[in-house]
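Q: A single structure is presented below for examination.
Just so it is clear, none of the values below were taken in a lab; they were calculated from the coordinates. Owing to the predicted nature of the structure, the values given are computational and were not obtained by experimental measurement. Glycine also receives a Cβ, built like all others from the backbone with ideal geometry; neighbour counts cover every protein chain displayed.
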Amino acid sequence: MTAPEAVLDLRGVTKEYPGTPPVRALRGIDLTIRSGELVGVVGPSGSGKSTLLHVMGTLDRPTAGDVHVAGYDISRLSDRDLSAVRARNIGFVFQQFHLLDGYTALDNVADGLLYTGMSAADRRDLAADTLGRVGLAHRVTHATSKLSGGERQRVAVARAVLGRPAIVLADEPTGNLDSTSSDAIVELLEELNAEGITLVVITHNPEIAARFPRQVSLLDGLVESDSAAAGVGR
Amino acid sequence: MTDRNGIVRSRLHAGDVLRTATVGLRTRKMRAALSALGITIGIASLVAVLGLSDSSRSDLLTQLDRLGTNLLVVQAGTGIGLGNAELPDTAAVMVERIGPVEDVAAVGSVDANVYRSDLVPSTRSGGISVSAVDTNLLDTLEGTVAEGRFLDEASAAYPTVVLGSIAAERLGIATIADGQLVWLGDQWFAVIGILDPLELAGSLDRSAIVGAGAAEDYLGFDGVASSLYVRTHPDWVDGVMGVLPATVNPENPDQVEVSRPTDALEARAAAESAFTALFLGLGVVALIVGGVGIANVMVISVLERRSEIGLRRALGATRRHVALQFLLEALMLALAGGLGGVLLGVGVTAGYSALRGWDVLIPTVAWTGGLAAALVIGAVAGLYPAMRAARLSPTEALRTT
Ligand SMILES: Nc1ncnc2c1ncn2[C@@H]1O[C@H](COP(=O)(O)OP(=O)(O)O)[C@@H](O)[C@H]1O
Ligand SMILES: [Mg+2]
């Protein structure tokens, strides 16, 4: 059986933030994420998790090393191209939800494909379906500011998976939630993965990471352990 | 559209461009309204100033047109050493002989007082003079009667009087019904008419006007004119002005003063354009202040909405999409302010014109120029904030600390 294609491939990725002395947030990361995986990235605060997510999501470029996302070598792409890659191939979920309050859940989800050129009507149809999928069919026309934290994060997840991107990157998606909502979100992510969505979930909570099929643990900008490397080879 | 890497570019439909550009306006309505207010005031003052000056100028021009600029007034000079000069007896007859002169009406002053009744103490004269006039005076002045009628050949010989508008007001006479009488020079005179204000002979507004014949018979008037109102052919006004002094008083032409009353109205029109320029300048200053206000609000908005910018970049917005969103928001703020300003300016112009009885006249350039100015200011004010928003890197924008 051949391994599924790699949707994300990092080779010798480093990231330095300028300063005196410069901050070496990533110090040589090799990591491959294959289609259909659900990966938990765990590590203490300051270990470089968010920086890694930004580099994986093409929100930032590495100082050195190669990054391939959805088959594109990002060093060859312009800022405008990277925007296009994010628009179609990458979904994001953030700890702070980043919803546009004052808009309805439906509009927020539909914005997941805002910059792809899909018509507003098609986006809204798709958004209504996706909101149903994450269990918020009854909240479609609610303003997101009126929703609970757990519901807000569901809206954000729906927005991220709306166009079935090649990969969904979640940075501490349960960081602002109580444990019940947190469990529900983790279950939702597991279900979506079962439906074929490729997911990387960053968390500082080892218990959450332990629930995922593969765990990568990060320490001081280096991969300390990768459960995939221990088992089946790449 | 794909580029050389086979990547389908990020795209934003026109409708969505507008929707994203109104996010800030819709979620922060109060602030949007306040920041547009400066532009509103600026544009409103521009429109109102242009509208009012045009409306008032057109009113002045219609007035000039109606009154005619071919009326001349001849008076005895009142300079130092001239005493209480009078025009020579022959003045009116001589002036009538000048070819281009079409009409001459003489006015003489009568030494008498006017009262509402014979009981008012004679110390309270009320500042009303008595003038003895020719019956063609009203036509010569293009004046109109508010009540009753003017003097004619018949009434000018009898103790009848026509009151100037201010004179009537001072005497407390608003109507000539029921045989209204006034006590004029120890005798009752019947009031047969009240005049509208005379734009070209304001002094007559304060006069009780009697026929020259009646003045001589009842009030001891000596028949000597103190002023002549002269209508000339419109093409010969300057020429007539030149020959009038010598015609009226061949021996002492320098004791004769000739003036054209419409000159004052024309001077007023000129003065108003000077004021217009001043207020236009103030309006422009208000606009610039309004533009600075919008720029300021937009810069704050960009800082506050950093995470929204980060989110949009994560969703695939290009720098250009972000810049466009904020630039358009500033433009819409300014345009909304501009539209409000045009409405306000038109309202002020219409209201004030109605009050003054002018035709409302708002030059097209006032509102098209106003809106164009608002757009230009919006674009300039939005440019810097839009660039700042676009320059923000996605990670910087998403950073929560
Ligand atoms: N924009 C930045 N400029 C400078 N230093 C940064 C920046 N972002 C992160 N860092 C530093 O890089 C290191 C890794 O940060 P981060 O990736 O946010 O870690 P984590 O998400 O695991 O907490 C930290 O020491 C942090 O202070
Ligand atoms: Mg982090």
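Q: Could you list A:Y103, B:Y352 so that the one with the fewest beta carbons within 10 Å of its beta carbon is first and the one with the most is last?
A: On the way: A:Y103 19, B:Y352 16.
In increasing order of surrounding Cβ atoms, one gets B:Y352, A:Y103.
Q: A further question follows. Can you sort B:S131, A:S225, B:S227 by how many other beta carbons sit within 10 Å, fewest first? All intermediate terms of the calculation are to be shown ahead of the outcome.
A: Details: B:S131 26, A:S225 12, B:S227 23.
Ranking B:S131, A:S225, B:S227 by Cβ neighbours within 10 Å, fewest first, gives A:S225, B:S227, B:S131.
Q: Explain nothing, just the number: relative contact order of region A:180-228, from Cα pairs under 8 Å at least 6 residues apart, as a whole percent. Walk me through the numbers before you get to the answer.
A: Values: 25 pairs, mean separation 10.1, N = 49.
Once divided by the residue count of region A:180-228, the mean separation gives 21 percent.
Q: Separate question: Could you work out how far the C-alpha centroid of region A:29-68 sits from that of region B:371-401, in angstrom?
A: Each part reduced to its Cα centre gives a spacing of 31 Å.
Q: Within 10 Å of each Cβ in peptide A:85-97, how many partner chain Cβ atoms are there on average? Round it to a whole number, please.
A: 4
Q: Now, a different point. If N is the number of residues in region A:1-65, what value comes out of its Cα radius of gyration divided by 2.2 N^0.38 Å? Before the final figure, lay out the partial values.
A: On the way: Rg = 13.2 Å, N = 65, 2.2 N^0.38 = 10.7 Å.
Relative to the rule-of-thumb radius for its length, region A:1-65 sits at 1.22.
Q: Here's something else I'd like to know. Using only the Cα atoms of region B:70-259, construct the convex hull and provide its projected area averaged over every direction, in square nanometres to one decimal. Walk me through the numbers on the way to the answer.
A: Numbers: hull surface 43.2 nm².
Its Cα hull, projected and averaged over all orientations, spans 10.8 nm².
Q: With an 8 Å cut-off on Cα pairs and a minimum separation of 6 or more residues, tell me the relative contact order of chain B in percent. Walk me through the numbers on the way to the answer.
A: Numbers: 715 pairs, mean separation 117.5, N = 401.
Relative contact order comes out at 29 percent.
Q: How compact is the protein assembly as shown by the rule of thumb for globular proteins, expressed as Cα Rg over 2.2 N^0.38 Å?
A: On the way: Rg = 44.2 Å, N = 635, 2.2 N^0.38 = 25.6 Å.
Cα-based Rg divided by the globular estimate yields 1.73.
Q: If I build a Gaussian network model for chain A, linking alpha-carbon pairs within less than 10 angstrom, which residue out of A:G163, A:G112, A:G102 has the largest mean-square fluctuation?
A: A:G102
Q: With N set to the number of residues, divide the alpha-carbon radius of gyration of chain B by 2.2 N^0.38 Å and report two decimals. List each step's numbers first, then the result.
A: Values: Rg = 34.7 Å, N = 401, 2.2 N^0.38 = 21.5 Å.
Dividing the Cα radius of gyration by 2.2 N^0.38 Å gives 1.62.
Q: Over chain A, what is the relative contact order in whole percent, taking alpha-carbon pairs under 8 Å and six or more residues apart?
A: Numbers: 467 pairs, mean separation 67.3, N = 234.
Computed over chain A, the figure is 29 percent.
Q: How high is the FRET efficiency from B:W188 to B:E153, r the C-beta distance, R0 22 Å, rounded to 0.05?
A: On the way: r = 22 Å, r/R0 = 0.98.
In this case the efficiency is close to 0.55.
Q: Let me ask something else about it. Can you list the lysines whose alpha carbon is less than 26 Å from that of A:K15, not counting same-chain residues fewer than 8 positions off?
A: The reachable lysines, counting only those whose Cα sits under 26 Å from A:K15, are A:K49.
Q: Hey, got the average number of other protein chain Cβ atoms within 10 angstrom for residues in B:316-324? Mind dumping the intermediate values first?
A: On the way: counts 16, 5, 10, 3, 3, 4, 1, 0, 0.
Mean partner shielding for this stretch: 5.
Q: Per-residue Cβ counts within 10 Å, from other chains only, averaged over B:307-313: what number is that?
A: On the way: counts 4, 4, 0, 5, 11, 6, 7.
So the per-residue partner count for this stretch is 5.
Q: How far apart, in nanometres, would the label points at A:S119 and A:S227 be if each is projected 7 angstrom from Cα along the Cα-to-Cβ direction?
A: Calculated label separation equals 4.5 nm.
Q: Further question: Could you tally the net charge around A:T14, taking each other residue with its Cβ under 9 Å from the Cβ of A:T14, Lys/Arg +1 and Asp/Glu -1?
A: Values: positive: A:K15, A:R24, A:R27; negative: A:E16.
Net charge in that neighbourhood comes out at +2.
Q: Using the 10 angstrom Cβ neighbour count as an exposure proxy, how do A:E195, A:E16 rank, fewest first? Mind dumping the intermediate values first?
A: Working: A:E195 10, A:E16 17.
Listing A:E195, A:E16 from fewest to most nearby Cβ atoms yields A:E195, A:E16.
Q: Okay, moving on. Report, by chain and number, residues whose modeled amide H sits under 5 Å from the one on B:A112, excluding near sequence neighbours (fewer than 5 apart, same chain).
A: So B:A112 has HN proximity to B:V130.
Q: Using a Förster radius of 22 Å, what is the FRET efficiency between B:V360 and B:T69 based on their Cβ-Cβ separation? Nearest 0.05, please.
A: On the way: r = 26 Å, r/R0 = 1.17.
Efficiency for this residue pair is about 0.30.
Q: A:K146: which lysines have alpha carbons under 28 Å from its alpha carbon, excluding same-chain residues fewer than 8 sequence positions away?
A: Hits, sequence-local ones excluded: B:K29.
Q: Can you list residues from other chains, or at least 5 along the same chain, whose modelled amide H is less than 5 Å from the amide H of A:I29?
A: Amide H neighbours of A:I29, under 5 Å, 5+ apart: A:G12, A:V13, A:T14.
Q: With the crude spin-label approximation of a point 7 Å out along Cα→Cβ, what separation in nm comes out for A:R211 versus B:L61?
A: 8.1
Q: Report the far tail of the P(r) of chain A, meaning the percent of Cα-Cα pairs longer than 34 Å. Don't jump to the answer; show the numbers that get you there.
A: Numbers: 3603 of 27261 pairs.
When all Cα pairs of chain A are counted, 13 percent exceed 34 Å.
Q: To continue, here is another question. Report the gain in length on full extension from B:S273 to B:L34: 0.36 nm times residue separation, minus Cα-Cα distance, nm rounded to one decimal. Could you put the intermediate results ahead of the total?
A: Values: separation 239, 0.36 × 239 = 86.04 nm, distance 3.21 nm.
That pair, B:S273 and B:L34, stretches by 82.8 nm at full extension.
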